[in-house]
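Read the structure below first, then the notes.
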Amino acid sequence: MNEEEAAAAYKAIEKLWTSTVKARALCPLTDETAIGLDGYISSPWYQAHGAVYFVNLAEPLTAKDVKELNYIGSFINRNFIISLVAVLEEHGVVPFGDSPDTSKDGGNHVKLTKLLRHSFAHGAYEYDVSNNKQKQIPKYFKKVFPKRDLSLSIPIDAVLEPLKDGVLAYIRANT
């Protein structure tokens, strides 16, 4: 990968990340305590990442709305992973069908990202130990996130941001 492709990939990932953070700030993870709210402000984590929004709702949130907000947030997170791999492939960082060099900085992050992409793109949103296509996920998940329980839960702060940072480190390591 040449420096021009690396710079283009880096820029595309940063743009993708900014869009994801802003979208998630508008569709935050929430729970039943949000039922009845007629608006909300983006949480401090999003605000610290440049996404400060005041969301005013036409009607107070219902239990169904809370469930839908959480689904949309999860959808956005999964699509970040799918789009991240598309950028890596498009810019020749890790061409389609190839595996990253896991001995390089960020290599395990890229490998996990590609494994998650494959799972999410084919509709598997929960880890299934009996699914042979997901058999490598635990190995790389534990390498990248040794203190997290294995699941395909991918919160933006605890999983997506470190994955993104690892992918960017891998790009730097390959230029």
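The values are calculated or read from the model by the stated rules, or taken from the named source; none is laboratory data. All values derive from a computational prediction rather than experimental measurement. Here the Cβ is made from the backbone with ideal geometry for all residues, glycine too, and neighbour counts use every protein chain on show. These accessible areas exclude ligands, DNA and RNA; they are computed on the full protein's heavy atoms, side chains included. Shrake-Rupley method; radii C 1.70, N 1.55, O 1.52, S 1.80 Å.
What the table below lists for this structure:
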read-out: Condition met for Pro100 (assigned to a loop (DSSP other than H, G, I, E, B) and at pLDDT below 95); value: no
read-out: Meets criteria (at pLDDT 85 or above, surrounded by fewer than 21 Cβ atoms within 10 Å (Cβ to Cβ) and more than 22 Å from Leu16 (Cα to Cα)) for Tyr127; value: no
read-out: Enumeration of residues in the range 1-51 that are touching a residue at least 24 places away in the same chain (Cβ under 8 Å), among the β-branched types (Val, Ile, Thr) and out of contact with any His (no Cβ under 6 Å at 6 or more places or on another chain); value: Ile13, Thr18, Thr20, Thr30, Ile35
read-out: Lone qualifier among Glu59, Glu68, Glu32 - being open to solvent by 70 Å² or more (accessible area, probe 1.4 Å) and under 19 Å from the mean Cα position of the chain (by Cα); value: Glu68
read-out: All positions within the range 1-26 that are touching a helix residue (DSSP H, G or I) at 6+ places or on another chain (Cβ under 7 Å) and either modelled with pLDDT of 95 or more or surrounded by fewer than 16 Cβ atoms within 10 Å (Cβ to Cβ) (or both); value: Ala9, Tyr10, Ala12, Ile13, Leu16, Trp17, Thr20, Val21, Ala23, Arg24, Ala25
